[in-house]
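Beneath this line is the structure, given in structure tokens, with notes to follow.
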Amino acid sequence: MKGSDTTGPHAAYERALLLLARRDHSVAELKRKLVDKGFPEIDATDAVARLLQQGLLDDTRFAGMLAHASIRNGRGVGAKIYSDLRRKGISPDIARQATDEAAAETPEHETLDLIFSKRFAAFDPLSASQKEKQRVFSYLQRRGFSLSAIIGFFRNQERGA
């Protein structure tokens, strides 16, 4: 492109737009990526501020979408989602709000059923060894399910419910 600048705030802004075209990002994540690409911190900050002002970058929207997608795709619930959001630079308040809203819309037992049917369709708690039960139990804990939900789910499976 004639007269295009590969450095400076405009270039950082254009790079940020390209990154957002691929997928949504948190403010912290996008700023980190710009700095990692070699843009000065001030240019990355300016680009992020411009995107925020234009409404193209929004941590609340990003957190909500990620929380709902995590539940819908069976990647986790509760504490797992909260932890994932915090790792992406989402503030504790926004992460908690997004986690709570997603959990309110999809009960934990429904998500547990979904994950179990996809990941452990052939698992039979009546014939499974203690080691196999522990493996499934640990997997579900790592996905953020509460102990009470997992225990209740196992009991229902053993009763054939």
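Please treat every number below as a calculation from the coordinates, not as lab data. Values in this document were obtained by computation on a predicted structure and should not be read as measured data. Backbone-built Cβ (ideal geometry, glycine too); neighbour counts: all protein chains shown.
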Query raised in the report: Full extension from Arg87 to Thr7: what is 0.36 nm times the residue separation minus their Cα-Cα distance, to one decimal in nm?
Result: 26.0 nm
Requested in this report: Send over the Kirkwood Rh of segment 27-93, from the inverse of the averaged 1/r over different Cα pairs, rounded to one decimal Å.
Outcome: 12.9 Å
Report summary line: Here FRET efficiency (C-beta to C-beta, Arg159 to Ala69, R₀ 45 Å, nearest 0.05) is 0.90
**Report entry** Convex hull volume per residue in cubic angstrom - Cα atoms of segment 9-54
**Finding:** 61 Å³
Query - Cα Rg, Dmax, segment 52-161, angstrom units - result: 16.0, 58
